[in-house]
1. Specify which residue in the list Ser229, Pro199, Ile149 is farthest towards the positive end of the charge dipole of region 137-243, using unit charges on the beta carbon of Lys, Arg (+1) and Asp, Glu (-1), about the Cα centre.
2. Using modelled amide H (1.01 Å from N, peptide plane; none on Pro or chain starts), what sits under 5 Å from the amide H of Val141, excluding residues fewer than 5 places away?
3. Over region 150-300, calculate the relative contact order: mean separation of alpha carbon pairs under 8 Å at least 6 apart, over the residue count, as a percent.
4. Taking θ = phi - 60°, what integer Hz values does the Karplus form 6.51 cos²θ - 1.76 cosθ + 1.60 yield along region 22-39, in sequence order, with x for Gly and Pro?
5. Residue by residue, what Karplus-based ³J(HN,Hα) values in Hz, rounded to whole numbers, does region 163-177 have, using 6.51, -1.76 and 1.60 with θ = phi - 60° and x for Gly and Pro?
6. With only alpha-carbon atoms counted, please give the Rg and Dmax of the chain, in Å.
7. Output the direction-averaged projected area (hull surface divided by four) of the convex hull of the alpha-carbon atoms of region 353-489, in nm².
8. Could you calculate, for region 53-112, the ratio of the Cα radius of gyration to the Kirkwood radius, expressed as Rg to Rh?
Amino acid sequence: MAKFIPVEPFDIVIFGGTGDLSRRKLLPALFHRFMDGQIDSSNRIIAAARSDLTREAFVDIAKDSCREASTSWTKDKWAEFASLVDYIQIDATKADADWDLLRSKLNQDERPLVLYLATTPLIYVATCESLGKAGFNGKNVRLVLEKPIGTDLESARAINEGVGAVFAENSIFRIDHYLGKETVQNLLVLRFANTLFEPIWSRNSIDHVQITVAENIGLEGRSDYYDRSGAVRDMIQNHLLQLLCLTAMEPPNSLDADEVRTEKIKVLNALKRFDPKTVKSQTVRGQYIAGMEGDKPVSSYLDTLSDQEHKSKTETYVAIKTEIENWRWAGVPFYLRTGKRMASRHSEIVIQFKPTPHPLFGHTGHPPNRLVIRLQPDEGVRLFMQIKEPGPGGLHIKSLPLNLSYAENFMLRYPDAYERLLMDVVRGNLALFMRRDEVESAWSWVDNLLAAWAEADQPLEPYVAGTQGPLQAAMLMDRDGREWWEREF
Ligand code: BG6
């Protein structure tokens with residue numbers, strides 16, 4: 001049985017409540033927490049948006065989303081949950097917005113009030129100013145900001161400053177949902193609850209690290225946003241850099257939010273900067289062309305954009321070789337890659353150890369040890385070791401995994417990342433949320449990469465939808481005498 005740490009009763013207002021994130025993730029996350037008894041029947045869940053909708057119409061929308069997302073949906077449970085849900089039509093950026101109406105729908109006590117901005121970041125500052133004027137920035141308020149916080153360092157700073165003028169930093173929860181994934185948290189446990197790894201977790205024993213987040217989906221109706229962002233801003237700036245930080249950071253003194261975040265930011269600040277003269281050999285930008293998803297044909301990136309004449313140069317794939325310039329990691333390459341419309345959906349971190357120092361078993365050799373941390377799907381950890389294949393016909397070595405599969409060890413539904421993160425917001429636990437300086441440091445590195453690409457006129461390599469990405473990404477590894485880990489998990 002899963003164990004839940006109770007949270008105190010709270011109210012939540014979701015701005016952008018009719019949007020994609022609210023429908024696909026936030027409402028189902030709240031519904032699941034309710035099903036598990038973590039949400040009190042006195043809680044208020046209020047969706048706020050500009051659409052002219054009745055409460056009943058919104059509840060119907062929420063019902064469809066929750067039913068689709070939950071295998072244990074029942075009519076009765078839904079009716080109980082629906083009684084907590086309400087809707088208000090409001091333009092939250094306006095100073096004269098009807099904040100009294102919102103106030104009248106909330107519990108009039110000191111319980112935590114979560115204000116979740118699931119809107120475009122372009123209106124974060126105006127919304128916060130308006131909330132501040134209406135007095136919605138008291139001690140019990142926790143403000144949640146979805147990514148992307150800006151599109152570069154300058155815009156991220158402007159958002160952080162505007163929001164910070166109204167809300168104290170320790171009441172701002174900048175979400176990166178990857179940090180709420182079970183296996184991402186397990187990375188901390190694996191590293192810091194086992195004595196085995198720490199002595200070998202450095203340049204002395206590790207040859208290189210690969211971080212892959214491959215998706216088989218395309219734009220899923222988000223082409224306007226995606227075409228302005230691309231894979232670097234959409235995935236590398238946040239999710240992949242966070243995974244890199246957790247893999248590479250020093251052990252924090254405690255799990256206190258600032259201790260953890262301080263260690264992560266040290267990694268970001270130590271990331272090597274790109275030189276326009278060499279960036280071409282260290283990175284690959286790709287865009288998918290028409291191909292297949294299984295046996296279904298899929299169109300090219302350009303053909304999925306609404307403006308057919310548009311010759312977008314936005315990357316849907318990126319591979320990067322980087323380094324962390326500090327004592328522990330000097331000289332160890334970190335290879336990052338992510339892409340849309342790839343052969344399969346899988347995210348994993350591969351720690352490849354150095355080969356044995358002496359070829360005792362002959363010059364044909366054997367593969368080095370690898371620790372493969374599979375984030376999704378088939379969550380788990382595998383440590384590939386070499387063993388002797390049984391039999392009298394000589395000495396054959398085989399690489400087999402010690403297998404810590406989540407599915408085999410825990411008969412659980414894995415809570416969606418948002419379920420965990422929303423409960424942490426209520427608890428006021430900031431450890432899995434990004435601090436202002438962390439976001440800005442990540443943007444500073446990304447800005448440098450994008451500037452190097454612009455100066456070097458980095459080409460856009462085509463790759464066929466449904467494949468492993470551009471050939472140039474394989475060549476990037478090949479030049480270093482390495483290859484991407486493509487083995488079935
Ligand atoms: C989001 C990106 O942050 O993460 C999407 O904007 C991407 O483009 C998604 O598809 C991936 O998340 P997950 O949890 O499905 O791996």
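The values are calculated or read from the model by the stated rules, or taken from the named source; none is laboratory data. It should be emphasised that the depicted structure is a prediction, and the values quoted were computed from it without experimental measurement. Cβ sites come from the backbone with ideal geometry, for glycine too, and all protein chains shown count toward neighbours. Each accessible area value is taken on the protein alone, full model and side chains, heavy atoms only, with ligands, DNA and RNA left out. Shrake-Rupley method; radii C 1.70, N 1.55, O 1.52, S 1.80 Å.
1. Value computed over the given set: Pro199.
2. Leu113
3. Details: 62 pairs, mean separation 25.4, N = 151.
Dividing the mean separation by the residue count of region 150-300 yields 17 percent.
4. For region 22-39, the Karplus curve yields 4, 6, 7, 10, 6, 5, x, 5, 5, 4, 5, 5, 5, 4, 8, x, 8, 10 Hz.
5. 5, x, 6, 10, 10, 5, 4, 7, 10, 9, 10, 8, 7, 10, 5
6. 23.8, 84
7. Numbers: hull surface 58.3 nm².
Its Cα hull, projected and averaged over all orientations, spans 14.6 nm².
8. Details: Rg = 14.4 Å, Rh = 13.6 Å.
With Rh from the inverse mean 1/r over Cα pairs, Rg/Rh is 1.06.
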